[in-house]
Amino acid sequence: MSFKLLISFVAFCCIQHVVYAQKDTVVFKGYPVVAHTDTLFHIKNKLGSLSAPERAQRTSSKVEALSEDLLFVPDSLITVDDSTLVGIVYKGDILLSLSKADADSVKMDKEVMAKAYQEIIINNINNYRKETNVSELLKRAGLGLLIIVVLGVCIFF
């Protein structure tokens with residue numbers, strides 16, 4: 001009798017362990033700020049009359065527009081600290097405003113968060129410019145043509 005009880009207790013513990021192991025905790029990351037198919041960061045909170053998805057969409061469009069600016073100077077993208085908000089600003093145009101609630105949702109200080117987001121935006125724009133630079137595109141086209149010529153030579157000779 002005690003052997004059966006021991007086996008059933010062990011089986012119960014194993015089943016309970018499997019059930020607890022299968023529980024998934026879904027963590028809401030927020031709404032992505034996407035520029036050039038890259039997710040830069042996520043926005044979780046609303047600010048003023050803008051909902052979190054609207055803030056993410058506006059920031060995405062502003063970053064993409066900024067990357068198309070031929071006169072973009074990375075040093076001109078600055079953070080401006082207000083008493084309640086920290087803004088990421090380029091030539092007077094506010095790309096993104098971050099509140100204490102935004103910083104608390106990612107467990108960072110809002111000034112540190114703004115500097116991190118500023119660096120992410122600058123790196124994204126610089127990478128996009130490198131990838132879409134005319135000389136880089138010509139190099140890729142030349143390499144593609146070279147591969148086609150080599151394959152053609154290998155096939156026909």
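Among residues of the stretch 44-53 being open to solvent by 50 Å² or more (accessible area, probe 1.4 Å) and touching a strand residue (DSSP E or B) at 6+ places or on another chain (Cβ under 9 Å), the one that is modelled with the lowest pLDDT is G48. Evaluation of D69 against the conditions (1) open to solvent by less than 90 Å² (accessible area, probe 1.4 Å); (2) under 24 Å from G30 (Cα atoms); (3) in contact with a strand residue (DSSP E or B) (Cβ under 9 Å, 6 or more places away or on another chain); (4) among the acidic types (D, E) shows that the sole unmet condition is (2).
Residue check: is L85 in contact with a helix residue (DSSP H, G or I) (Cβ under 7 Å, 6 or more places away or on another chain) and either of a type in the set (A, V, I, L, M) or within 25 Å of V27 (Cβ to Cβ) (or both)? Criteria not met by L85.
Residue-by-condition table, conditions (1) of a type in the set (A, V, I, L, M, F, W, C); (2) surrounded by fewer than 12 Cβ atoms within 10 Å (Cβ to Cβ):
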residue	(1), (2)
L98	yes, no
S105	no, no
M108	yes, no
Y117	no, no
R129	no, no
L138	yes, yes
L143	yes, yes
I148	yes, yes
I155	yes, yes
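Does G87 qualify as being open to solvent by less than 80 Å² (accessible area, probe 1.4 Å) and out of contact with any strand residue (DSSP E or B) (no Cβ under 7 Å at 6 or more places or on another chain)?
no
The values are calculated or read from the model by the stated rules, or taken from the named source; none is laboratory data. Computed from a predicted structure; not experimentally measured. Counting neighbours? That spans all protein chains shown, and the Cβs are built from the backbone with ideal geometry, glycine included. For the accessible areas, the whole protein counts, side chains as well, though only heavy atoms, and no ligand, DNA or RNA atoms are used. Shrake-Rupley method; radii C 1.70, N 1.55, O 1.52, S 1.80 Å.
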